[in-house]
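A.B. asks: Right, I'll just put the structure down here and ask away after.
Read-outs throughout are calculated quantities, based only on the coordinates presented, and are distinct from any laboratory measurement. Note that the coordinates shown come from a computational prediction; the quantities given were computed from them, not determined experimentally. Quick reminder, even Gly has a Cβ in these numbers, built from the backbone with ideal geometry, and neighbours come from all protein chains shown.
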Amino acid sequence: MFGNNARAQTSTATRRLMKEYRDLTADPLQDTITAGPVSEDNMLEWEALIQGPEGTPYEGGVFAAKLVFPSDYPLNPFTMTFDPPLLHPNIYPNGVVCISILHPPGDDPLHYESASERWSPVQGVRSVLLSVLSMLAEPNIESGADVECCKLYRDNRPEFERRVREQVRNLLDI
Amino acid sequence: MDMSSHPLLSALDEPAPFPSQYPQLRRLDRSMVCQICKEPFTGPVTISCGHSFCSACIRSSLEVMKKCPSCNETVTEGSIRRNRALEEMVDAWEESRPTLIDLAQPPRKRPAPPETSHSKASLSSGVKRARLSPTGSANASGSASGSRSGSPTKSRRANDVVVEEIDENEDDVLELTENDEAPCPLCQATMPISSIPLHIEKGCPPPKAKPKSNGVLGKGNQKADWKKVFSGQGLGGKTKEVEMKRITKPNYALSSPADLRAILSEYSLPTTGDKPTLQSRLQEWIILFNSNLDTSHPSSLSALRAKLAESESSKRRDKEKGKDEVVNQLASKDGLAKYASVKKSEFERLRREIIERDKRRKDAEEGKGDGKENAIEVE
């Protein structure tokens with residue numbers, strides 16, 4: 001009924017991502033985040049730029065991340081990878097973000113995640129990026145990804161903050 | 001920046017959004033949208049927790065997890081119920097949306113309001129209106145239109161003329177048949193007389209939409225009638241092989257590829273590929289087929305088959321483009337472990353680098369002096 005032609009040429013995932021991109025550009029997520037597809041012919045790969053939230057060690061930094069979507073999106077979540085990797089308790093040393101909203105549906109081995117925090121098809125790029133912003137401000141060391149960093153964050157906060165600031169400065173210098 | 005011209009979005013045949021000064025209309029617009037596909041509901045259904053989605057959307061979501069995508073409540077496919085009221089609402093909303101968008105435009109952009117065009121063309125339109133109405137009320141409508149325009153003398157004159165013309169053209173009135181065309185008294189769009197009442201009742205949708213249903217009235221109806229007959233026959237004929245009844249899902253774990261092929265051929269679907277391919281094809285077909293039973297605008301079986309083929313090929317294209325494997329790997333706990341073991345050397349290298357960097361930094365701090373510079377240069 002609605003645009004059957006366009007729908008026929010593109011997969012559900014691509015179409016849904018187009019919608020999300022349209023909504024993000026029409027109604028931007030604050031000034032601190034921008035996101036969009038890397039190339040025109042592949043909607044399944046996006047790049048996001050995130051400004052470090054104010055009042056955190058990440059303040060002043062601009063971090064690039066790659067979003068890779070599965071072909072059955074939105075049934076399954078996408079992955080988000082900071083490139084270059086970011087020092088954070090919930091980010092793997094290779095840059096992959098470990099956050100409950102990006103965990104695939106089905107398994108919740110630790111049973112600590114509440115409904116609103118899990119991935120479901122009603123979530124999207126917008127809600128995930130907002131979660132990542134709050135993750136930057138408040139690391140969750142109970143489900144850490146980078147164990148060394150978790151320890152550092154727990155035991156020696158000033159050193160953690162110093163290293164993050166240093167990394168931010170490095171990023172800006174490059 | 002004007003994103004509507006972006007090449008990526010040009011493929012999206014999006015209806016224009018409501019202007020931002022009407023948040024309530026935007027909200028209404030959003031409420032007609034399925035939260036999974038973000039498009040207006042197609043064959044809306046409600047599940048046990050009360051949330052509604054497109055039939056196809058929630059069916060495919062339940063394949064992945066047996067929970068409501070909105071509230072995470074446990075849901076079974078058996079609780080899916082067709083929501084006819086919502087479907088009616090979405091249909092009505094889609095129909096009236098263009099009109100509302102039009103009305104929501106700033107006044108100067110709107111097409112000239114009927115009053116002004118009316119007084120300008122009071123003579124001619126007066127006649128036409130008089131012709132349209134039954135002879136008895138012609139006089140009344142003529143004077144009504146006259147009194148609305150300009151000064152009393154003018155209206156008197158217009159009135160006289162109208163009445164005269166009606167008298168002269170009395171034969172005309174009788175000769176008009178319902179297939180003759182006439183302008184709508186409100187929006188001046190030309191259309192067959194018989195369709196004017198319905199057109200006005202619908203709030204004068206723009207004439208662009210009209211030709212579709214009324215372009216050639218007789219023919220259009222004929223076509224629709226024949227279609228009905230054909231599809232009815234088609235369904236009747238097909239019931240021998242394909243029952244228009246919900247398909248029950250087979251137990252995929254226990255089915256052999258031959259079992260799956262048998263079901264697929266029952267619905268005249270391709271039976272090529274290995275078991276996972278057959279399974280995903282059948283799963284998708286069951287979703288398409290079952291959700292097609294949840295709408296009052298069902299597609300034909302051949303259209304459904306085309307949709308299935310198209311979705312299969314578009315998914316394949318996406319798979320080639322995307323990095324599905326990596327995504328899938330990272331998505332599961334085991335996959336993540338595997339990925340980690342593969343990349344272990346790299347992790348190890350990075351870790352060593354960090355430790356070394358820390359050490360060097362400590363040395364630098366102890367040495368102070370140009371230590372700071374040194375620390376920044378590492379990486």
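A.B. asks: Answer with one residue from A:Val97, A:Val125, A:Phe160: the one whose Cα lies farthest towards the positive end of the charge dipole of chain A, charges on Cβ with Lys, Arg +1 and Asp, Glu -1.
C.D. replies: Ranked along the dipole, the leading option is A:Val125.
A.B. asks: Treating only the Cβ atoms of Lys and Arg (+1) and Asp and Glu (-1) as charged, compute the dipole magnitude of region B:14-109 about its Cα centre; round to the nearest 20 debye.
C.D. replies: 260 debye
A.B. asks: Along each of its three principal axes, how wide is the spread of alpha-carbon positions in region B:14-109, in whole angstrom units, largest first?
C.D. replies: Between the extreme Cα coordinates on each principal axis of region B:14-109 lie 53, 22, 20 Å.
A.B. asks: About the Cα centre of chain A, how large is the charge dipole given +1 on each Lys and Arg Cβ and -1 on each Asp and Glu Cβ? Please answer in debye to the nearest 20.
C.D. replies: For chain A, the charge dipole is close to 280 debye.
A.B. asks: Take every residue in peptide B:36-43, count the Cβ atoms of other chains within 10 Å of its Cβ, and give the average of those counts.
C.D. replies: Mean inter-chain Cβ contacts per residue within 10 Å come to 5.
A.B. asks: Report, as an integer, the average count of C-beta atoms from other chains found within 10 Å of each Cβ along B:66-76.
C.D. replies: Average per residue, whole number: 3.
A.B. asks: Given the DSSP H assignment, sum -39500 (n - 2.57) over each helix run of at least 4 residues in chain A and divide by its residue total; what's the result at 222 nm in deg cm²/dmol, nearest 500?
C.D. replies: -10500 deg cm²/dmol
A.B. asks: Of B:Trp93, B:Val64, B:Tyr22, which is farthest on the positive side of the dipole of region B:14-109, counting Cα position, with +1 on Lys and Arg Cβ, -1 on Asp and Glu Cβ, and the Cα centre as origin?
C.D. replies: B:Tyr22
A.B. asks: What residue among A:Ile33, A:Pro77, A:Met43 has its Cα farthest toward the positive end of the dipole of chain A, where the charges are +1 on Lys, Arg and -1 on Asp, Glu, each on the Cβ?
C.D. replies: The one lying farthest along the dipole's positive direction is A:Met43.
A.B. asks: Once R0 is set to 22 Å, what does the formula 1/(1 + (r/R0)^6) return for the Cβ-Cβ distance between A:Arg157 and B:Asp358, expressed as a FRET efficiency to the nearest 0.05?
C.D. replies: The formula returns an efficiency of 0.85 here.
A.B. asks: Also, I was wondering about something else. List every residue whose amide H lies under 5 Å from the amide H of A:Val96, counting only residues 5 or more places away in sequence or on a different chain, with H placed 1.01 Å from N in the peptide plane.
C.D. replies: HN-HN under 5 Å from A:Val96: A:Phe82.
A.B. asks: Compute the helix-to-body angle for A:125-137: its Cα long axis versus the longest principal axis of chain A, expressed 0 to 90° and rounded to tens.
C.D. replies: 0 degrees
A.B. asks: How big is the charge dipole of region B:246-318 about its Cα centre, in debye rounded to the nearest 20, if each Lys and Arg gets +1 on its Cβ and each Asp and Glu gets -1 on its Cβ?
C.D. replies: 60 debye
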